[in-house]
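Take a look at the structure below.
Nothing in this text is a laboratory measurement; each read-out follows from the coordinates by a stated rule. Here the structure is a predicted model, which is why all the values come from computation and not from measurement. As a convention, Cβ positions derive from the backbone with ideal geometry for all residues, glycine included, and neighbour counts pool all protein chains shown.
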Amino acid sequence: MAVESSCDETAAAVVRNGREVLSNVISSQIALHTLYGGVVPEIASRKHIEKINQVIEQALAESGRALGEMDAIAVTYGPGLVGALLVGVSAAKAVSFASGIPLVGVHHIEGHISANYIENPELEPPYVCLVVSGGHSHLVVVRDYGVYEIIGRTRDDAAGEAFDKVARAIGLGYPGGPKIDRLAREGNPEAIHFPRARVAENEYDFSFSGLKSAVLNYLNSCQMRGEEICRADVAASFQSAVIEVLVEHSLHAVRACGFDTFAIAGGVASNSGLRKAFEEECARRGIRFYHPSPVYCTDNAAMIGVAGYYEYLRGVRSGLDLNAVPNLKLGER
């Protein structure tokens, strides 16, 4: 059984053998936080407290399995919002203590990477994975199950964070990623040239702050000149700039590492433009491309159960002193 509460989804799932999802229950808070234009940590924590027992009970019921049949309890303990993480960690520890079932703490990014195993039984390490979400933009070499090497990361805004900020600037509201994706289909991606940032110190690192500023400057200059702004063109041009950098850096890393397999994960991995770009470019270069279904891209407990399964096989066990670690680095314990 697995529990996830790192941000604004309260989730629980039951996973068998690290590949088969028997249940995956998600209680989303998007409608609640939309009122504020983004996630409010205190509100998220309180909502987790209200929902955590319900989603655990529902996940067990939908799986058709009793708690006593579980081999381990997996739970996200970082990174994320500390208050939100504490709710899930506390619940998982309580269940573990009461039942005597071993507890396994799971890294949230490891969960996102592991989401690729759910629908792709043939996928096995080693490969390169791009993790793109509201809080993370990581380029990771997956050496083995539970063995990771980060070779690239964002120097400022994460890709998903840039999507949210640009969406807010053009009046789309929260959550920005899906709304930019939908609007971009109506626009011309070549209408406006926005910068593609390169980081001199590391060819695999990302930087989206300058791109975000360029979009804001464009909007301000149009308003000052009294020019009409085509939001669809802005969305399409911005998204194209993000996608070009993500694709270029990622596939360069795949070849440099000597692999022929690549995967994406995280909330932004559900972006239709990004998926299409990777599908086309990977096919052109002879690289096998994997991605989770959209439901497994955003935060969910099934991915934590998959990651927990492989950590359990590696002998990882967490004590009842397991704590939330909001800035947990991938590979740390």
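Here the spin labels are modelled as points 7 Å beyond Cα on the Cα-Cβ line, and at Val295 and Leu320 they lie 3.6 nm apart.
Once you charge only the Cβ atoms, +1 for Lys and Arg and -1 for Asp and Glu, what is the size of the charge dipole of the stretch 125-291 about its Cα centre, to the nearest 20 debye? Numbers along the way, then the final one.
Working: 19 positive and 21 negative charges, 39 e Å.
With only Lys, Arg, Asp and Glu charged at Cβ, the dipole is about 180 debye.
The angle between the Cα long axis of helix 159-169 and the main principal axis of the chain comes to about 50°, on a 0 to 90 degree scale. Taking GluC sites (Glu not before Pro) across the stretch 224-333, the ones in a DSSP loop with at most 12 further Cβ atoms lying within 10 angstrom of their Cβ are Glu227, Glu228, Glu332. Net charge dipole, the chain: roughly 200 debye, given to the nearest 20, about the Cα centre with Cβ charges of +1 for Lys and Arg and -1 for Asp and Glu. In whole Å, how far is the Cα centre of the stretch 103-159 from that of the stretch 296-333? Cα centres, the stretch 103-159 to the stretch 296-333: 12 Å. Counting only residues at least eight positions apart within a chain, or on another chain, the lysines with an alpha carbon under 25 Å from that of Lys212 are Lys165, Lys179, Lys276. Rounded to the nearest 20, the size of the Cβ-charge dipole of the stretch 1-123 about its Cα centre is 260 debye, with Lys and Arg at +1 and Asp and Glu at -1.
Looking at the stretch 1-94, none of the trypsin sites (Lys or Arg not before Pro) sits in a DSSP loop with at most 11 other Cβ atoms within 10 Å of its own Cβ.
Figure the gain on full extension for Leu123 and Ala61 (residue separation times 0.36 nm, minus the Cα-Cα span) and round it to one decimal in nm.
Numbers: separation 62, 0.36 × 62 = 22.32 nm, distance 2.95 nm.
Working it through step by step, the gained length comes to 19.4 nm.
For the stretch 242-253, 3J(HN,Hα) computed residue by residue from phi via the Karplus equation (6.51, -1.76, 1.60; θ = phi - 60°) reads 5, 4, 4, 5, 4, 5, 4, 5, 5, 6, 5, 5 Hz, glycine and proline entered as x.
Potential lengthening of the chain between Glu42 and Gln223 amounts to 61.6 nm, from the contour at 0.36 nm per residue minus the alpha-carbon distance.
Backbone geometry of the stretch 72-84 corresponds, through the Karplus equation with coefficients 6.51, -1.76 and 1.60 at θ = phi - 60°, to 3J(HN,Hα) couplings of 7, 10, 9, 8, 6, 10, x, x, x, 6, 4, x, 5 Hz, x marking Gly and Pro.
Axis of helix 301-313 versus longest Cα principal axis of the chain: the two differ by about 60°, to the nearest ten degrees.
Normalised radius of gyration (Cα atoms, divided by 2.2 N^0.38 Å) for the stretch 174-244: 1.16.
Against the empirical 2.2 N^0.38 Å scaling, what ratio does the C-alpha Rg of the stretch 38-112 come to? Each step should come with its number before you reach the end.
Working: Rg = 12.9 Å, N = 75, 2.2 N^0.38 = 11.3 Å.
After normalising by residue count via 2.2 N^0.38 Å, the value is 1.14.
Using the average count of surrounding beta-carbon atoms within 10 Å as a protection proxy, the listed peptides 168-180, 184-196 rank, highest first, as 168-180, 184-196. Please figure out what share of the DSSP beta bridges in the chain is antiparallel and state it in percent, rounded to the nearest 5. Beta bridges within the chain, antiparallel portion: roughly 60 percent. Give the angle, between 0 and 90 degrees and rounded to the nearest 10, that separates the Cα long axis of helix 41-63 from the longest principal axis of the Cα atoms of the chain. Once rounded, the angle reads 60 degrees. Sorted from longest to shortest, the spans of the Cα atoms of the stretch 125-291 along the three principal axes equal 55, 29, 25 Å.
Need one number for the stretch 26-153: average projected area of the convex hull over its C-alpha atoms, nm².
Across all orientations, the stretch 26-153 yields a mean hull projection of 9.2 nm².
DSSP loop chymotrypsin sites (Phe, Trp or Tyr not before Pro) in the stretch 28-106 with at most 10 other Cβ atoms within 10 Å of their Cβ, which ones?
Those satisfying the criteria are Tyr36.
For the chain, the relative contact order works out to 26 percent when only alpha carbon pairs closer than 8 Å and six or more residues apart are counted. The helix-only estimate of mean residue ellipticity at 222 nm for the chain, built from DSSP H runs of length n ≥ 4 each weighted as -39500 (n - 2.57), is -14000 deg cm²/dmol after division by the residue total. Using the Cβ of Lys329 as centre and a radius below 13 Å, the other residues enclosed give a net charge of -1, where K and R count +1 and D and E count -1.
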